[in-house]
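Presented below is the structure to which this report refers.
The values are calculated or read from the model by the stated rules, or taken from the named source; none is laboratory data. All values derive from a computational prediction rather than experimental measurement. Every residue, glycine as well, gets a Cβ built from its backbone with ideal geometry; the counts of neighbours run over all protein chains shown.
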Amino acid sequence: MELIDSHCHLYYEPMLNNYEELIKNCKKKGINKLLTIGINLETSILNSKLSAKYREIYATVGLHPNNINEIFNDEDYINLIKKNKKIIGIGETGLDYYRTKTKLDIQRKNFIDHINLSEKCNLPLVVHTRDAENDTLQLLKLYMKKPDARLIIHCFTGTKEFAKKLLDFGAHISFSGIITFKKNNDLREVVKYVPDDKILIETDSPYLSPEPFRGKMNTPQNLDIIALEVAKIKNINEKMIYRITTNNFNKIFKII
């Protein structure tokens, strides 16, 4: 059985310029696919190049909500998508009211533009949301016409109530190494609540290393730790989590 890291950033250390070794070490653990996520035009271009070079790497393109100083021009991203079939998603996009307290109107406009681009290109949308639950849900409902199996809330850290509303809307929910942190019992309850056919796992490398590596630089090699934690929380066999999350990823992104 294989595992898929549904959200990582492969253009940072310790992955940068060490891709052959990273892929080899991931494969030793059954981690056979990596989705590297764009946060601006520069990293989206890098993602496209990486996915074109390595069979195991897929890519998304987008502008992170914290990058409000960069203008979002959808034609730049459409041009990348047209040239590379391994660009399989839009994002990460969304709203972050925790880090950015100003120019929230720009965040909202960029989010709407990403939703529209996702629909135009018929690609899944990868959403970042922090301290912005109500606005995130409101904009998705207003502008996303067909969310079924095409919407991912990455690195979920919200409430069970928020998770329910997202699931009712058709979203998939992805969990990171945060679920291994000792004091996150509420989040573990959310993991238990999310149905098997709506769950994904990710490392968000190089951020959010799981226990026992918390505080160190993260890599996709740690994905098996997250898979094991989900299995424990849901009280099912670890290999079942491999199969469930892989099937969900392949279905969302239409990977044969």
task = Specify the residue that is modelled with the lowest pLDDT; the eligible residues are those in segment 40-96 that are assigned to a helix (DSSP H, G or I) and of a type in the set (D, E, K, R).
result = Asp74
request  = Look at Tyr242 and say whether it is of a type outside the set (Lys, Arg), modelled with pLDDT of 95 or more and more than 14 Å from the chain's Cα centre (by Cα).
outcome  = yes
ask   = Out of all the residues in segment 25-39, which are assigned to a helix (DSSP H, G or I) and of a type in the set (Lys, Arg)?
value = Lys27, Lys28
query = Restricting the search to segment 97-132, which residues are hydrophobic (A, V, I, L, M, F, W, C), assigned to a helix (DSSP H, G or I) and surrounded by 20 or more Cβ atoms within 10 Å (Cβ to Cβ)?
reply = Phe111, Ile115, Leu117
query = Would you pick out the residues in segment 12-32 that are touching a Ser or Thr at 6+ places or on another chain (Cβ under 9 Å) and surrounded by 21 or more Cβ atoms within 10 Å (Cβ to Cβ)?
reply = Met15, Leu22, Cys26
request  = Please enumerate the residues belonging to segment 230-256 that are farther than 22 Å from Ala171 by Cα and either in contact (Cβ under 8 Å) with a residue 12 or more places away in the chain or acidic (Asp, Glu) (or both).
outcome  = Glu238, Lys239
ask   = What helices (runs of 4 or more DSSP H), lying completely within segment 133-236, carry at least 2 residues that are closer than 20 Å to Gly94 by Cβ?
value = 133-143, 160-169, 185-193
remark   = Pairing a residue in segment 63-80 that is over 16 Å from Asn116 (Cα atoms) and touching a residue at least 24 places away in the same chain (Cβ under 8 Å) with any residue that is in a helix (DSSP H, G or I) and of a type in the set (Lys, Arg), where Cβ atoms lie under 9 Å and the two sit 6 or more apart in sequence or on different chains, gives none
query = Out of Glu92, Glu42, Glu70, which single residue is over 26 Å from Asp135 (Cα atoms) and acidic (Asp, Glu)?
reply = Glu42
Qualifying positions in segment 2-24 - outside any loop (DSSP other than H, G, I, E, B) and more than 17 Å from Pro210 (Cα to Cα) = Tyr19, Glu20, Glu21, Leu22, Ile23, Lys24
query = What's the number of the condition Phe213 fails, among (1) closer than 22 Å to Thr129 by Cα; (2) over 17 Å from the mean Cα position of the chain (by Cα)?
reply = (1)
